[in-house]
Amino acid sequence: MSLPTSSGTFQPLKHRSGTMRDRLHGYTKRTLGAGGSINEAVALPPGESCAGWVAVHAVDFFNDVSTIWAVMARDPFLSSFGPGEGFPSGVEYRWSEESNGHQRTISVSAPKYIEKVLQWIATQINDENKFPDDEDEDEALRVFQTPQFAALCGQIFRRIFRVYGIIYSSFFWDTRS
């Protein structure tokens, strides 16, 4: 799987055909733009698990923000930021990572922060123990309904929201034109 980079290449994560995630993703695609209300498009389908619905949208939102970043990452403006610099002006971006068994926090530029966030999310989603995408719906739901999964999705959605905020504050005038 590739992530969006300054070259702008990106391959979206797919839902394995025939799985619960694929079925729920198909439902979302069918309801969006189908002339119904937005409430119908985002409502939990009857008989489906809320936890499975959250899992599908974590992947879909990741794909959406990654696609937007793949377009924005080509902007030469982004190479002007050094470690700790970002947008809006005065905001410092830090990332914690493990090195030799110890957590260390590093200062990164806003574009590097976005790439690290997207890489971290992709790693979580691609981990079958955290985000199962197989034919065994009962096993997938068992994982999706744990407090650990709820906490992980909360972290994923917070980070995606932060990335949207960075992109919006950085490129608002570009996106209006």
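The values are calculated or read from the model by the stated rules, or taken from the named source; none is laboratory data. Computed from a prediction, not measured in an experiment: that's the story for all the values here. Reconstructed Cβ throughout: ideal geometry from the backbone, glycine too, with neighbour counts over all protein chains shown. SASA here: full protein model, heavy atoms, side chains in, ligands and nucleic acids out. Shrake-Rupley method; radii C 1.70, N 1.55, O 1.52, S 1.80 Å.
What is the ratio of the Cα radius of gyration of segment 73-164 to 2.2 N^0.38 Å, with N the residue count, to two decimals?
Relative to the 2.2 N^0.38 Å estimate, segment 73-164 comes out at 1.33.
Which one of Val54, Ser99, Ile68 has its Cα pushed farthest toward the positive end of the charge dipole of segment 44-110, where Lys and Arg give +1 and Asp and Glu give -1 at the Cβ?
Selected residue: Ser99.
On the protein heavy atoms, probe 1.4 angstrom, tell me the percent of accessible surface of segment 85-143 carried by carbon and sulfur.
41
Which whole-number value in Å² is the accessible area per residue of segment 60-120, probe 1.4 Å?
55
With just the Cα atoms of segment 61-119, tell me how far they stretch along each of the three principal axes, in Å, largest first.
That works out to 35, 27, 15 Å along the principal axes.
Rounded to a whole number, what is D in µm²/s for segment 100-148 from Stokes-Einstein with the Kirkwood radius over alpha-carbon pairs (10 °C, 1.306 mPa s)?
On the way: Rh = 13.2 Å.
It diffuses with D of about 120 µm²/s by this estimate.
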